[in-house]
Amino acid sequence: MALTSAQLAQWEEDGYLILPGFFSPSETTEMLERACTLLASFDPTTHPMTRFTTSADGDHVGDEYFLSSGDKIRFFLEPGAVTPATAEAPAKLNVPAERSVNKIGHALLIDPVFGKYTLSERVRDVAKSLGTHKSARVLQSMVICKQPRIGGQVPCHNDSTFLYTDPPSAVGCWIALEDCTPANGCLSFLPGSHKTARVSSRFVRAPGGGTTFEDVPSVQKNEEDWDNLPGWKEAPCTAGTMVLIHGSVMHRSPPNPSDKTRMIYTFHMIDGGEGFTYDEKNWLQPTPEMPFPKLF
Ligand SMILES: O=C(O)CCC(=O)C(=O)O
C-alpha cells in the first residue's frame, strides 16, 4: 500500500500522518494478545527494578539492563509501580507484575508476531513511498502500555534526538493496539514543527556510565518552548491505526488517569545507507549477532 499524493502532502505539511485501519481487527488483536502474554510472563523476582524515565532536565534511565536491550525483549517499569529501596528493604512492586510495566523493548521484533507485522510488505510499501530512505533499518521496537492510573506522561520530544543519525533520518511507525483517546493518554502533535525544530541535542551513553543529552556540534540550539506553543493537536485514534511520525516533529502524551490500558506498538526506521552515520555514542546499539534489520 503506497501512500497517495494527498497523504504525502499531509505528511510533509504536518510531520505526522494518521492511517486508520492500517491493521485489521484480527491482526491488531493478535499483537495485543501477544503483548498481554509477554506481560503475563514477566517475572519481577529476577528483574533489576529498572524504571523507565526520560526528561531533558531530570532523571533518565541508563543502567546496563537498559543499555544492553537493543537486541532483546526486556521489561521497563512504571516509576509509580515501584516502591523505592530503603535501608531495610529492596525496591519492590506495589501493583501486580503485569500492571507494572511501562514498556517492553527494545527489540520486540524478535518476537514472531511483532516481527511478522514490522517487516511486512505493507509496512515496507508505505515506508518506501515516503521517498526519503535509501536503505531503511528498523530499531527500537517496543510496546508502550500506559497502565491504568499509573501510566506516566511521555514528555514533549522529537525522535531524532533519541535515535540520532547524521544527518537525521528517524521515522516512527506507531500502532494503536487499543483505542487511544484523550481519556487514556492519546498522542498530541505540534503540526509542522518538523520544519523548524533543529536536532541540536542527542541522547547518548555518558562517558562515565549511564545516559545524558549532548549538544550536536555546529547545530544552533532551539530557542522555542515547544510544550507551551499554541497549535498542539490531539491525535485520538482507533485500534489498528498506524501513525507515521517524522523524526523532527514535536509530540507528547499525557498520563493515563483512566482505568483502562492504552497499549501501542511502535518501531522506528533510520537510513542505514551511504551518507548516514549511526555512531557508537547512541544509547541504543546494535550487536554483531543482531544488526538493525533491513526493512528495504
Ligand atoms: O505512545 C506514546 O505515548 C509516545 C510514543 C512516542 O513518543 C514515540 O514513539 O516516539
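On a 1.4 Å probe surface of the protein chains, which of 241, 261, 4, 45 comes out largest in accessible area, and what is the full order? Write out the running numbers ahead of the final one.
On the way: 241 0, 261 25, 4 70, 45 115 Å².
Ranked list, largest accessible area first: 45, 4, 261, 241.
Taking the Cα atoms of the stretch 1-155, report the difference between the largest and smallest coordinate on each principal axis, in whole Å and largest first.
Principal extents (largest minus smallest coordinate, Cα): 62, 36, 29 Å.
Run the accessible area of the chain with a 1.4 Å probe and give the carbon-and-sulfur part as a rounded percent. Write down the numbers at each step before the final one.
Working: 7030 of 12940 Å².
In the chain, the share of accessible area belonging to carbon and sulfur is 54 percent.
List the lysines whose alpha-carbon lies under 20 Å from that of residue 294, not counting same-chain residues fewer than 8 positions away?
Those lysines meeting the cut-off are 72, 116, 128, 134.
For the chain, what does -39500 (n - 2.57) per DSSP helix run (n ≥ 4), summed and divided by total residues, give at 222 nm, in deg cm²/dmol to the nearest 500? Don't skip to the answer; put the middle values down first.
Working: 5 runs with 47 residues, N = 296.
So the helix-based figure for the chain works out to -4500 deg cm²/dmol.
Using only Cα atoms, locate the centre of the stretch 22-44 and the centre of the stretch 240-275, then give the distance between them in Å, rounded to an integer.
17 Å
If contacts are Cα pairs under 8 angstrom and at least 6 residues apart, what is the relative contact order of the stretch 6-133 in percent?
22 percent
Can you tell me the accessible area per residue over the stretch 166-270, all protein chains present, probe 1.4 angstrom, in square angstrom? Intermediate results must be reported in sequence, preceding the final value.
Values: 4240 Å² over 105 residues.
Roughly 40 Å² per residue, with all protein chains present.
With contacts defined as alpha carbon pairs under 8 Å and 6 or more residues apart, what's the relative contact order of the stretch 201-241 in percent? The partial results should precede the final answer.
Numbers: 20 pairs, mean separation 10.8, N = 41.
After rounding, I find 26 percent.
Along its principal axes, what span do the Cα atoms of the chain show, with the longest given first and each in whole Å?
59, 46, 44 Å, listed from the longest principal axis down.
Cα gyration tensor of the stretch 90-245, axes a ≥ b ≥ c as square roots of the eigenvalues: rounded (a/c below 1.5), prolate (a/b > b/c) or oblate?
Values: a/c = 1.30, a/b = 1.14, b/c = 1.14.
It comes out rounded by the Cα gyration axes.
Compute, for residue 52, the solvent-accessible surface of its heavy atoms (probe 1.4 Å) with the complete set of protein chains present, and express it in square angstrom to the nearest 10.
For residue 52, the solvent-accessible surface is approximately 40 Å².
Semi-axes, largest first, in whole Å: what does sqrt of 5 times each Cα gyration tensor eigenvalue give for the stretch 99-152? Spell out each step's value before the answer.
On the way: eigenvalues 149, 32, 19 Å².
Taking √(5λ) for each Cα gyration eigenvalue gives 27, 13, 10 Å.
Pull the list of the chain cysteines that no other Cys approaches to under 4.7 Å, Cβ to Cβ.
Cysteines lacking a close Cβ partner in the chain: 36, 145, 156, 173, 237.
Once fully extended, how much extra length lies between residue 40 and residue 228, figured as 0.36 nm per residue of separation less the alpha-carbon to alpha-carbon distance? Don't skip to the end; give the middle numbers.
Working: separation 188, 0.36 × 188 = 67.68 nm, distance 3.88 nm.
Additional length available on full extension: 63.8 nm.
Could you give the alpha-carbon Rg of the stretch 143-232 over 2.2 N^0.38 Å, rounded to two decimals? Could the numbers behind the result be given before it?
Numbers: Rg = 15.2 Å, N = 90, 2.2 N^0.38 = 12.2 Å.
Rounded to two decimals, the normalised Rg is 1.25.
On full extension of the chain, what length is gained from residue 116 through residue 24, given 0.36 nm per residue of separation minus the C-alpha to C-alpha distance? Each step should come with its number before you reach the end.
Values: separation 92, 0.36 × 92 = 33.12 nm, distance 1.42 nm.
Using 0.36 nm per residue and subtracting the Cα-Cα distance, I get 31.7 nm.
Starting from the Cα of residue 221, draw a straight line to each of the lysines and keep only those under 20 Å, dropping any in the same chain fewer than 8 residues away.
List returned: 195, 281.
So what is the relative contact order of the chain, in percent, for Cα pairs below 8 Å that sit 6 or more residues apart? Before the final figure, lay out the partial values.
Numbers: 658 pairs, mean separation 84.9, N = 296.
Relative contact order here is 29 percent.
All other residues with a Cβ under 13 Å from the Cβ of residue 192 taken together, and with Lys, Arg as +1 and Asp, Glu as -1, what is their net charge? List each step's numbers first, then the result.
Details: positive: 195, 233; negative: 12, 13, 14, 224.
Once all neighbours under 13 Å are counted, the net charge is -2.
The values are calculated or read from the model by the stated rules, or taken from the named source; none is laboratory data. Predicted model, so just to flag it, every value in this text is computed and none were measured. All Cβ positions, even for glycine, are placed from backbone atoms using ideal geometry, and neighbour counts span all protein chains on display. In case anyone asks, the SASA skips ligands and DNA or RNA and just uses the protein heavy atoms, side chains included. Shrake-Rupley method; radii C 1.70, N 1.55, O 1.52, S 1.80 Å.
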